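The values are calculated or read from the model by the stated rules, or taken from the named source; none is laboratory data. Computed from a predicted model, the values in this text were never measured in an experiment. In this analysis, Cβ positions are derived from the backbone assuming ideal geometry, glycine residues included, and neighbour counts consider all displayed protein chains.
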Amino acid sequence: MRAFLAPFVLVSAAAPAAEVVKLELTADDRMVYSKTAFEVVSGQKVSLVFKNTSAKGEKSMKHNVVLLKPGTTIIQFAAKCNAAAATGYVPTDKESKALMVGNTRLIGGGETATLNFVAGEPGEYPFFCSSPGHFDKMFGKIVVKPK
């Protein structure tokens, strides 16, 4: 995961510790995220807490969150995900990693996963669920505003 975060670390070591902004996102068996847009400020520490709220537990649909860099289209990236079943439908090749900020693992009902990162340059960072067939309904964006 550290490799995903390195390009987004914009706060110098001498800068005071910034407060972490907590973003909360949920999904269930209806295949929709509870929110489709968030705003943060460049350089801000962000903790995206994702919870699968399905009551079906382990038998529920599994979901995740994949956060992409600006300019990367979900449909283009999602095509790579179906072939990555062994890694939770998140490609691990160098080219794909270069297009992502990071991702949560696939989680079942009642589970929570967190993606921590530092907001990068201003722009729109798309996110989506990479579980097969979910990306066209489960997507959104994190808008990073300038300081």
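Summary table
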{"quantity": "Hey, T112 among the hydroxyl-bearing types (S, T, Y), modelled with pLDDT of 95 or more and over 26 Å from D29 (Cα atoms) or not", "calculated": "no"}
{"quantity": "Strands (runs of 3 or more DSSP E) (entirely within the range 17-75) containing at least 1 residues that are charged (D, E, K, R) and either on the phi > 0 side of the Ramachandran plot or surrounded by fewer than 18 Cβ atoms within 10 Å (Cβ to Cβ) (or both)", "calculated": "21-27, 37-41, 45-52"}
{"quantity": "Conditions (1) under 20 Å from T26 (Cβ atoms); (2) surrounded by 14 or more Cβ atoms within 10 Å (Cβ to Cβ); (3) hydroxyl-bearing (S, T, Y); number of the one not met by S96", "calculated": "(1)"}
{"quantity": "Test result for A79, out of contact with any Lys or Arg (no Cβ under 7 Å at 6 or more places or on another chain), more than 27 Å from K22 (Cβ to Cβ) and assigned to a helix (DSSP H, G or I)", "calculated": "yes"}
{"quantity": "Yes/no for T92 being in contact (Cβ under 8 Å) with a residue 40 or more places away in the chain and among the polar types (S, T, N, Q)", "calculated": "no"}
{"quantity": "Residue under evaluation A113, criteria (1) small (G, A, S); (2) in contact (Cβ under 8 Å) with a residue 12 or more places away in the chain; (3) loosely packed, with under 12 Cβ neighbours inside 10 Å, criterion not met", "calculated": "(3)"}
